[in-house]
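Comments concern the structure below.
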Amino acid sequence: MRFSRLGVIVLLAATVLVGANCTYYNRVMARKDLVDGSKAYKDRKFPDAEELFRKAVSRDPSGQTTEGKTAQLFLARTLHSEFIGNRQNIKMAEDAIAEYKKSLALDPNDQSSYKAIASL
């Protein structure tokens, strides 16, 4: 079977485009995890929400995107809510404080996370 040059170029271009847009895929999946986690949080399923928010944070641990910043803030809020449900678990409170500090350290003057929270 003979491949034409155009076919090889199209195949190569498609491979490059699929591989280069990994960040777009991560943003979409992080947003999906945020939406699912928000629903779990609203239904007071805090362990499920925590797991989903941790997955979203792992997709953007440095918080460069709006989804990453929002995920860190939502994770902190979820850990805080879990601590409120069981005030004997001091480790949960310390984890929540650490996550709040991470989300504030990104950029305390950036309002995009707050706008993202309002849109969910």
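Highlighted here are the helices (runs of 4 or more DSSP H) found entirely within segment 18-120 that include at least 2 residues which are hydroxyl-bearing (Ser, Thr, Tyr), in contact with a helix residue (DSSP H, G or I) (Cβ under 8 Å, 6 or more places away or on another chain) and modelled with pLDDT under 85: 112-119. If you scan segment 42-52, which residues turn out to be closer than 17 Å to residue 93 by Cα and surrounded by 14 or more Cβ atoms within 10 Å (Cβ to Cβ)? Within segment 42-52, 46, 49, 50, 51 meet the criteria. Note on segment 53-76: among residues that are more than 8 Å from the chain's Cα centre (by Cα) and buried (at least 19 other Cβ atoms within 10 Å of the Cβ), the one that is farthest from residue 27 (Cα to Cα) is 76.
The values are calculated or read from the model by the stated rules, or taken from the named source; none is laboratory data. All of these numbers come straight from a predicted model, not from anything done at the bench. Ideal geometry is used to build each Cβ from the backbone, glycine not excepted, and the neighbour counts take in all protein chains shown.
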